[in-house]
Amino acid sequence: MPRLGPDPVLHPDCEISESRFGAFCEIGRGSRLSRVEMGDYSYCDRHAEIANARIGKFANIAAFSRIGATDHPLETAACHHFLYRSDDYWDDAEPDEAFFARRHARIAEIGHDSWIGHGAMVKPGVTLGHGAVVASGAVVTKDVPPYMIVAGVPAAPLRERLPRELAERMIALGWWDWDHGRLRAALEDFRRLPAGAFLDRYGG
């Protein structure tokens, strides 16, 4: 595997458009990203599909997950994309730019240090709080509070990842904004200390 650094590592067969990446990002083989802002240290594994999303730092996005899955119109006589991708079917038709504008405006927000499991889906316009976890195969249709674990279809709270007091202290600490050198200096504490002990040492 290539060493991660300031420029994103893009594995083969990715399709990426109108997207920006922070430092130490990695995009897995065969992933498709459109209109995505991805913060430092975040990554997605193979064949992830992400559209119209703002992703924080240190987000962990597993293989075959989908964020911001695009919707079809349900209030019209047909829901097929000939309604809005009309120029793909007729020489004299234009795409429905207003439909695309509405779709692009529904941003999925993914918090720092979040984890989206294998094959999970986060719907457009949903906010996943800092530290939240989405179980494999879950379909997230509503906002998820920080440090909450959700599972199922539709996703529902399973349990807190951290007790609320610790979660609030972790957000106040905001270790995801530390520079690369400070992260390295604290690496052994990240590895060995439980969250509460880590906070006792570093504040928050």
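Here the relative contact order of the stretch 121-204, from alpha carbon pairs under 8 Å that lie six or more residues apart, stands at 20 percent. Using every pair of distinct Cα positions in the stretch 1-138, the Kirkwood expression returns a hydrodynamic radius of 15.6 angstrom. In loop segments of the stretch 1-59 as defined by DSSP, the GluC sites (Glu not before Pro) with at most 14 further C-beta atoms inside 10 Å of their C-beta are Glu18. Averaged over its residues, the chain has an accessible area of 55 Å² per residue, based on protein heavy atoms and a 1.4 Å probe.
Rounded to the nearest 5, what % of the DSSP beta bridges within the chain are antiparallel ones? Spell out each step's value before the answer.
On the way: 4 of 39 bridges.
Around 10 percent antiparallel, to the nearest 5.
A full extension of the chain between Arg102 and Glu18 corresponds to an added length of 28.6 nm, given 0.36 nm per residue minus the alpha carbon distance.
Label-to-label distance, Arg3 versus Arg192, with points set 7 angstrom from Cα along the beta-carbon direction: 2.6 nm. Orientation-averaged projection of the stretch 53-204 equals 11.6 nm² [convex hull of Cα atoms, one quarter of hull surface area]. In this structure, Glu165 and Thr141 have a Cβ-Cβ separation that, at R0 = 35 Å, corresponds to a calculated FRET efficiency of about 0.80. Note on Tyr41: accessible area approximately 50 square angstrom, rounded to 10, probe 1.4 Å, nucleic acids and ligands left out. Take the Cα of Asp91, step 7 Å toward its Cβ, do the same at Asp71, and the gap between the two points is 3.6 nm.
The values are calculated or read from the model by the stated rules, or taken from the named source; none is laboratory data. On a predicted model such as this, the values are computed, not experimentally measured, just so you know. All Cβ positions, even for glycine, are placed from backbone atoms using ideal geometry, and neighbour counts span all protein chains on display. Each accessible area value is taken on the protein alone, full model and side chains, heavy atoms only, with ligands, DNA and RNA left out. Shrake-Rupley method; radii C 1.70, N 1.55, O 1.52, S 1.80 Å.
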